[in-house]
1. Can you flag which of A:K179/A:K346; A:K346/B:K266; B:K87/B:K266; A:K346/B:K165 are past 19 Å Cα-Cα?
2. At a 1.4 Å probe radius, carbon and sulfur cover how many percent of the accessible area of chain B?
3. What FRET efficiency comes out for A:V189 versus B:S224 if R0 is 41 angstrom and r is the Cβ-Cβ distance? Round to the nearest 0.05.
4. Given q = 0.07, 0.08, 0.09 Å⁻¹, what are the Debye log10 I(q)/I(0) values for the protein assembly as shown, with equal point scatterers placed on the Cα positions and solvent ignored?
5. Excluding residues on the same chain fewer than 8 positions from A:K43, give the aspartates and glutamates whose Cα lies under 16 Å from its Cα.
6. For the pair A and B, how large is the buried accessible area, both sides, in square angstrom to the nearest 100, if the probe is 1.4 Å?
7. Can you give the mean number of other chain Cβ atoms that lie within 10 Å of the Cβ atoms in peptide A:342-352?
8. I'd like the FRET efficiency for B:S52 and B:K87, computed as 1/(1 + (r/R0)^6) with the beta carbon distance as r and R0 of 35 Å, rounded to 0.05.
Amino acid sequence: MEKLNWFEITLQILGHFTPVWIGLFVIFALSITFKGSLGLYGKLFNSRVGMIGLGLVLFWILTALLADVIAPFDSLDQVSGMKNKRPGWPMANGEGHYLLGGDRLARDVFSRVVYGSRTVMAIAPAATLFAFMVGVTLGLPAGYFGGKLDTVLSFLANLVLAFPVILLFFLLVTPEIQKTGIPTYIASVLFAFPIVFFVVLFHSRFEQQPGKLFLFLGLTLVLGLWAYSGLAFNADPLGVFSMDPNLLNIFVSVVFVNSPTVFRIVRGLSMDIQTRDYVAAAQTRGERPWYIMLWEILPNARGPLLVDFCLRIGYTTILLGTLGFFGLGVSPESPDWGMTINEGRKLLSLYPHPALPPALALMSLVLGLNLLADGLREQSLKD
Amino acid sequence: MLLFTIKRMGVMALTALCLTFIVFFLTNLEPNLEILAKEQNNMRMSDAQVESWLEREGYKRPLLTRYGEWLGSFVSGDWGASTRFSKDVLPIISERLYYTAKLMFWVMIVMVPAALIIGVLSGMREGSVTDRTLSTVAITTTATPEYVSGVIFTVIFASSAVGLKWMKGSATSATDAITFANFALPVMTMAIYGMGYVARMTRASMAEVMTAQYIRTARLKGVSFPNIVLKHALRNALIAPFTVIMLQFPWLLTGVVIVERLFNYKGFGWTMVEAASNNDIELLMGCSVVAVVVVLVTQLISDIGYVFLNPRIRIQ
């Protein structure tokens, strides 16, 4: 077979993404049709920036979901004779091409980028969500009550924030530290926050309705503790929830780095919103503090929090890439974008093709998230 | 103002103490010490030999005692010796810091004016075509971390694949003499990531100032638009970005580490990675303290500077 030229390569790559294009088309068509009844999400389709951002993000979500269909090869397949080959190089046996060339272990760069989206899409949003749980659970009371609690929590948050992120990673993500079990301790504290959050959330709402209270609390505790035992201690009796020790280490560090910033934002919002009339009204009604915080203040802080959530997923993606770049990634073989860039940069001046695609992929995803955040901010301000 | 400064410095000292203790704890974990013992003697030591060596060298005493001891010698200027470079830590760090300071100087020279110009130009007429174009540029640069832009720039300007070869892909020689060819890439790579953020802050601040009453008064008085921007708006619009620029320093540290690794520029960030990956405990301690102090001092300066620049805060 012939080596493909750039036009054919582009065409074939676009072709491989066909399921993603169909998915994007369906989602956009449906959303634009019903945008009037979709709330803030629907309003996103009034802003061009928001639509471009959403498109980029959805593109990578769909790619991660459909990676098995899109990628022509497996991310770990090594084919002899394909080492460092240029983009569009044909396979020796005539079955297809390495569309974006081969890396230094003769693996398909294109397939690795596609599979790499899975790692990012699985870790970044989850880590951000956990950081938000921690930040919200601690930030709301710190802002609402103020006083000593606020002083202590703010000092702790500033302590973590004064730590240069990169130093923290070098200290926290090492094989030695895994031996001491410190990541597990941190995880046992950080992973408890979502459970605490939901327990307090339901308790403050349904205190007077024992039926609903028992249902929701029971559900939270059973599901929460089940996942907790598996994720933090790797001791899930049924074996559904588990986390590789290395992944746990990275996950915990990323949550740890992100939560103080979320704390500061939530604290500020909580201080601001508690001066509003509806909070005063709730206080006069005799509502408990936690009810006011979780059911009056939090819903009214959702706009800025949603915007920050999008930005923070992007930031977390960059952080994960940084970790991969320093070889602290999930596993040495994984197609993680940061690690692929790190591997590719060693031969950059001779073979730029293995490093460039993951770099552009990471950039486009973060750009998408930033644009989405911009669109959301613009639209939520119009309310 | 004086009380405020003293209070801030007290909190700062406390923070520095806590942070150095955390670093001390994390670098002196059991497995790290075990590796240290094996490196200092031989790699095939038995566990009992490791234990007795650690006992003899005093590593088995309580952590707080050892931290106190470390702090004492640190304050008196004895920062220990590096196992990686077989030299004293203090001269290594001061030499490397000088190289990094050179890099940072050029980054700031490129980044700050560019970011302020972009910010002011897009903020002075919110929603205009200039604003939209420049905002898109700014948002794209914030989505491009150093390891991405570094790779892209190297491919474009320094690889044989594209063939421009204007610059070198390595900045190792820049520690001796800075030339455009060996220094432009690292400076550009670092400046670009921070630039977008500062530009966006400047834009927001500028846009807010432009809606103020005194700007409207000036316009109605018939002051020309360039004059309004330069004489009336600019000074007030630059207060917020000042804080942001100062707070960039800790963030730039991550950039320094990435860029120095990427272009093999042997400065402070490069040394820190060497220390961390070679289990060089005392060098890593020294680097961490310097990093933490830099962060805290910039926070202090930005706090004081903000109060100084913005008279409205002083009344409270």
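The values are calculated or read from the model by the stated rules, or taken from the named source; none is laboratory data. This structure is a prediction, so every number in the text was calculated from the model and none was measured. Please note: Cβ atoms are built from the backbone with ideal geometry, for glycine as well, and neighbour counts cover all protein chains shown. Quick note on the areas: whole protein, heavy atoms, side chains included, nothing else; ligands and nucleic acids left out. Shrake-Rupley method; radii C 1.70, N 1.55, O 1.52, S 1.80 Å.
1. In this structure, A:K179/A:K346 exceed 19 Å between Cα atoms.
2. Numbers: 9710 of 15100 Å².
Carbon plus sulfur share of accessible area: 64 percent.
3. Computed FRET efficiency for A:V189 and B:S224: 0.10.
4. Computed log10 I(q)/I(0) values: -0.54, -0.71, -0.92.
5. Partners within reach: A:D374, A:E378, A:D383.
6. 3800
7. On the way: counts 4, 0, 2, 8, 0, 1, 9, 11, 3, 3, 10.
So the per-residue partner count for this stretch is 5.
8. Numbers: r = 28 Å, r/R0 = 0.80.
According to the calculation, E is roughly 0.80.
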